[in-house]
1. Test each condition in (1) open to solvent by less than 60 Å² (accessible area, probe 1.4 Å); (2) modelled with pLDDT under 95 for PRO127 and report the one that comes out false.
2. Given the conditions (1) out of contact with any Leu (no Cβ under 8 Å at 6 or more places or on another chain); (2) open to solvent by 30 Å² or more (accessible area, probe 1.4 Å); (3) over 30 Å from ARG201 (Cβ atoms), which single one is not true for ALA14?
3. Regarding the stretch 196-213, can at least one residue be identified that is more than 13 Å from the ligand (Cβ to nearest atom) and open to solvent by 80 Å² or more (accessible area, probe 1.4 Å)?
4. Here are the criteria: (1) within 13 Å of the ligand (Cβ to nearest atom); (2) open to solvent by less than 40 Å² (accessible area, probe 1.4 Å); (3) more than 14 Å from the chain's Cα centre (by Cα). Tell me which single one HIS183 does not satisfy.
5. Out of the residues in the stretch 130-149 meeting the condition of being more than 12 Å from the ligand (Cβ to nearest atom) and under 16 Å from the mean Cα position of the chain (by Cα), tell me which one is most open to solvent (accessible area, probe 1.4 Å).
6. Among the residues of the stretch 159-185, count how many are charged (D, E, K, R) and closer than 24 Å to SER75 by Cα.
7. Determine whether LEU114 is within 14 Å of the ligand (Cβ to nearest atom) and at pLDDT 95 or above.
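The values are calculated or read from the model by the stated rules, or taken from the named source; none is laboratory data. In this text the structure is predicted, and so the values were computed from the model without any measurement. All Cβ positions, even for glycine, are placed from backbone atoms using ideal geometry, and neighbour counts span all protein chains on display. Note: areas computed on protein heavy atoms with side chains; ligands, DNA, RNA excluded. Shrake-Rupley method; radii C 1.70, N 1.55, O 1.52, S 1.80 Å.
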Amino acid sequence: MLMRLDKFLTHAGALTRTEASKAARAGRITVDGKSVRDCSVKIDPRQCSVAVDGEIVVYRQYTWIMMNKPSGVVSATEDGRDKTVVDLLPEQLQSLGLFPCGRLDRDTVGLIMLTNDGELSHSLLSPKHHAEKVYSFTLSVPYDKSVPLETGILMDGKMTKPAVIQMSDELHGRITLTEGKYHQIKRMFERAGSKVVFLKRESFGGIPLDVSLAPGEWRYLTQDEEDRLRAL
Ligand code: URA
């Protein structure tokens, strides 16, 4: 598979197209150890070793990113009013067609995955495979334990799938879901007479939020994390 050097560099998230052509002209890009000054050359990313300033750029067919979503940001690609999770990414990643894999409410914080791998994203969210998601939450008042939130309640005309709730005290807990109805957790606890006042996604498909990411920060998934998603 051949692709233009500048396309390879933008897809890898290393440089924007303009930066790539400037860097090439300045002799900062090498392919298999030789300086390449023309970014329109075609390379085979699986065979060649490309470096910028001596640092090897890893080829990625798809990009997978984890972000610690801050409150007040919407999990969409565009929004007329609010900032989106895509807006928080640097410029060289803006043109990769990244979109959030699933949704978090505007005021929900924590782990959100962004990708341009439509097929895997779709299958991770499909009812058949739906990846497990763990959230921590804080309630306004203790919830009514007689409401069967874990076995299932009627929501949007269907029973919710089994969920696991582990409380650490009367107001704080964790919930594990394998589906994602609109405002699901908030609506579940509302039905049990309480209100969710804080909600954070801690993990997705068994991959925990990297604790070193401050709100608004992101990093690429490691190959191992990406393989784990693919194996689900
Ligand atoms: N459930 C909710 O109510 N909100 C979210 O953001 C995610 C799950």
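1. (1)
2. The number of the failed condition is (3).
3. Among the residues of the stretch 196-213, at least one is more than 13 Å from the ligand (Cβ to nearest atom) and open to solvent by 80 Å² or more (accessible area, probe 1.4 Å), which makes the answer yes.
4. (2)
5. Within the stretch 130-149, the first condition is being more than 12 Å from the ligand (Cβ to nearest atom), and the residues that meet it are 130-132, 138-149.
So of that shortlist, the ones also under 16 Å from the mean Cα position of the chain (by Cα) come out as 130-132.
On the way: HIS130: 28, ALA131: 4, GLU132: 101 Å².
It comes out as GLU132.
6. Here is the first cut: in the stretch 159-185, the ones charged (D, E, K, R) are 161, 169-170, 174, 179, 181.
Applying the additional criterion that residues be closer than 24 Å to SER75 by Cα yields 161, 174, 179, 181.
So the answer is 4.
7. Working: within 14 Å of the ligand (Cβ to nearest atom): no; at pLDDT 95 or above: yes.
Spelling it out, it is not the case that LEU114 is within 14 Å of the ligand (Cβ to nearest atom) and at pLDDT 95 or above.
Yes/no matrix, rows are residues, columns are (1) open to solvent by less than 10 Å² (accessible area, probe 1.4 Å); (2) away from the ligand (no atom under 16 Å from the Cβ):
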residue: VAL41; (1), (2): no, yes
residue: VAL50; (1), (2): yes, yes
residue: PRO70; (1), (2): no, no
residue: LEU93; (1), (2): yes, yes
residue: GLY97; (1), (2): no, yes
residue: GLY110; (1), (2): yes, no
residue: GLY118; (1), (2): no, yes
